[in-house]
């Protein structure tokens with residue numbers, strides 16, 4: 001590997017460490033010519049399927065777009081960066097495991113919805129409202145009812161408290 005400082009063609013690895021998730025190796029290197037030290041990361045490069053958009057266009061999978069979708073849905077929600085990264089990795093893993101060369105964007109959206117449902121129900125409904133193109137409040141209510149019935153079966157708290165009184169607004173005009 002060429003030195004990024006002096007462009008000398010020979011560098012030596014002085015330390016290698018596997019990342020926490022086991023997917024990358026961090027190598028500490030030193031340049032034989034100038035003595036500068038730097039780090040590199042080595043990752044497995046697997047070909048992900050092309051994504052077939054709803055209008056028929058085909059695009060290379062872009063993990064940045066996937067992350068942006070998660071970030072948008074989870075904006076101002078109490079979900080850690082580690083949880084988001086784990087979910088992004090899970091979606092990418094699903095894509096790799098399909099072993100298909102091309103995949104409809106709908107399938108990617110389904111993978112995202114599955115992960116968001118595990119992370120945060122509000123983010124899930126946010127994403128679902130755009131993904132499924134909700135037309136009115138009835139569409140939201142149907143999705144919330146489905147979530148609540150699934151959550152009660154899993155022993156989770158309800159999304160909406162039907163018996164609760166609405167809280168008085170502060171600073172009424």
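The values are calculated or read from the model by the stated rules, or taken from the named source; none is laboratory data. The model shown is predicted, which means the values in this text are computed figures rather than measured ones. FYI the Cβ positions are ideal-geometry reconstructions off the backbone, even for glycines, and counts take in every protein chain you see.
Numbers for the structure displayed
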read-out: Only listed residue being surrounded by fewer than 11 Cβ atoms within 10 Å (Cβ to Cβ), without any contact (Cβ under 8 Å) to a residue 24 or more places away in the chain and not in a loop (DSSP other than H, G, I, E, B), chosen from 14, 25; value: 14
read-out: Flag for residue 91 being part of a helix (DSSP H, G or I), in contact with a helix residue (DSSP H, G or I) (Cβ under 8 Å, 6 or more places away or on another chain), at pLDDT 90 or above and on the phi < 0 side of the Ramachandran plot; value: yes
read-out: When residues of region 28-40 are limited to those that are outside any loop (DSSP other than H, G, I, E, B) and more than 28 Å from residue 88 (Cβ to Cβ), the one farthest from the chain's Cα centre (by Cα); value: 31
read-out: Hey, residue 150 more than 21 Å from residue 115 (Cβ to Cβ), modelled with pLDDT of 55 or more and assigned to a helix (DSSP H, G or I) or not; value: no
read-out: Subset of region 99-109 [out of contact with any strand residue (DSSP E or B) (no Cβ under 7 Å at 6 or more places or on another chain) and surrounded by 14 or more Cβ atoms within 10 Å (Cβ to Cβ)]; value: 107, 109
read-out: Residues located in region 80-91, provided they are surrounded by fewer than 17 Cβ atoms within 10 Å (Cβ to Cβ) and either within 21 Å of residue 62 (Cα to Cα) or touching a residue at least 24 places away in the same chain (Cβ under 8 Å) (or both); value: 81, 82, 83, 85, 86, 89, 90
read-out: Any hit, region 50-71, residues being under 25 Å from residue 19 (Cβ atoms) and part of a loop (DSSP other than H, G, I, E, B); value: yes
